[in-house]
Amino acid sequence: MNKKKVWKIVSNIVFVGLIILLILPSGRTWVQQGLMKIGLFKPKLEKPEEIPDQHGEIEVPSSSNYAGVAFSDDNGEVVNIPDLKGKVVFLNFWATWCPPCKAEMPSIQVLKDKFKDNDQVAFLIVEIEGEKEKARGFMQQGNMDLPIYYPESQIPGEWLGGAIPTTVILDKTGKIAAQHEGMADYSRTEVSDFITELTHQ
């Protein structure tokens with residue numbers, strides 16, 4: 001068999017393998033995690049664009065504007081957003097059927113571990129569909145101990161538009177300090193530095 005035929009067979013096998021990887025949800029997650037590791041998915045650490053109202057004024061919501069916003073954990077304990085005032089809050093909105101959501105979770109675990117002894121930072125990993133068993137199973141399978149929450153109220157539109165995953169970081173007053181739609185690598189040093197800086201404000 002000549003080299004040309006061997007190369008053609010090998011390239012066909014590689015091509016079929018890539019197609020299978022991209023079709024299978026677990027394969028997609030693996031590919032996406034690989035792309036994050038080489039730096040292709042950096043989180044956008046900036047505030048969303050502020051749009052003036054009809055009077056030309058910009059209202060910046062704080063935790064007091066989110067008085068009715070609440071999430072419950074696996075034990076049914078409810079967390080009200082205004083109760084977290086004084087903490088930097090990392091909110092991640094995801095679903096168990098979403099491969100990019102799953103792909104970024106290990107990087108969020110790394111970030112959370114960096115702040116495990118810092119009571120000024122709270123993590124709320126919000127599974128928006130209420131799929132408790134699937135969410136728990138996914139975390140156990142990945143050896144992750146991220147705190148899973150579920151919506152107990154409507155999620156504010158300025159936090160979650162139409163895309164998941166979406167991550168929002170609130171400063172100590174409850175104002176949006178950063179928002180990122182889509183998958184990102186949150187294990188990056190600039191993310192932990194950004195949160196640390198917010199804790200000092």
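Just so you know, all these numbers are worked out from the coordinates, no wet-lab data involved. It should be emphasised that the depicted structure is a prediction, and the values quoted were computed from it without experimental measurement. Cβ coordinates were reconstructed from backbone atoms using ideal geometry, including for glycine residues, and neighbour counts include every protein chain displayed.
Can you give the FRET efficiency to the nearest 0.05 for Lys175 and Glu129, using r as the Cβ-Cβ distance and R₀ = 30 Å? Could the numbers behind the result be given before it?
Numbers: r = 28 Å, r/R0 = 0.92.
Here the calculated transfer efficiency is 0.60.
The Asp193 and Asn75 beta-carbon pair, evaluated with R₀ = 30 Å, returns a calculated FRET efficiency of approximately 0.40.
Given the pairs Lys85/Lys116; Lys116/Lys175; Lys114/Lys172; Lys85/Lys134; Lys87/Lys134, which are separated by over 25 angstrom at their Cα positions?
Details: Lys85/Lys116 19 Å; Lys116/Lys175 23 Å; Lys114/Lys172 18 Å; Lys85/Lys134 30 Å; Lys87/Lys134 29 Å.
Exceeds cut-off: Lys85/Lys134; Lys87/Lys134.
Counting other Cβ atoms within 10 Å of each Cβ, which GluC sites (Glu not before Pro) in segment 82-180 have at most 16 and sit in a DSSP loop?
Taking segment 82-180 and a limit of 16 other Cβ atoms within 10 Å, the loop GluC sites (Glu not before Pro) found are Glu129, Glu131, Glu152, Glu158.
For segment 79-101, there are no residues whose amide N sits under 16 Å from a probe point set 7 Å from the Cα of Gln140 along the beta carbon direction.
Counting only other residues whose beta carbon sits under 13 Å from that of Val69, what net charge do I get with K and R as +1, D and E as -1?
Details: positive: Lys85; negative: Asp83, Glu152, Glu158.
So the surrounding residues net to -2.
Cβ crowding within 10 Å ranks Leu91, Leu198 as Leu198, Leu91, fewest other Cβ atoms first. When each of Phe90, Phe123 is scored by the number of other beta-carbon atoms lying within 10 Å, the sequence from fewest to most is Phe123, Phe90. For segment 84-120, trypsin sites (Lys or Arg not before Pro) are listed when DSSP marks them as loop and at most 12 other Cβ atoms sit within 10 Å of their Cβ; the list is Lys116.
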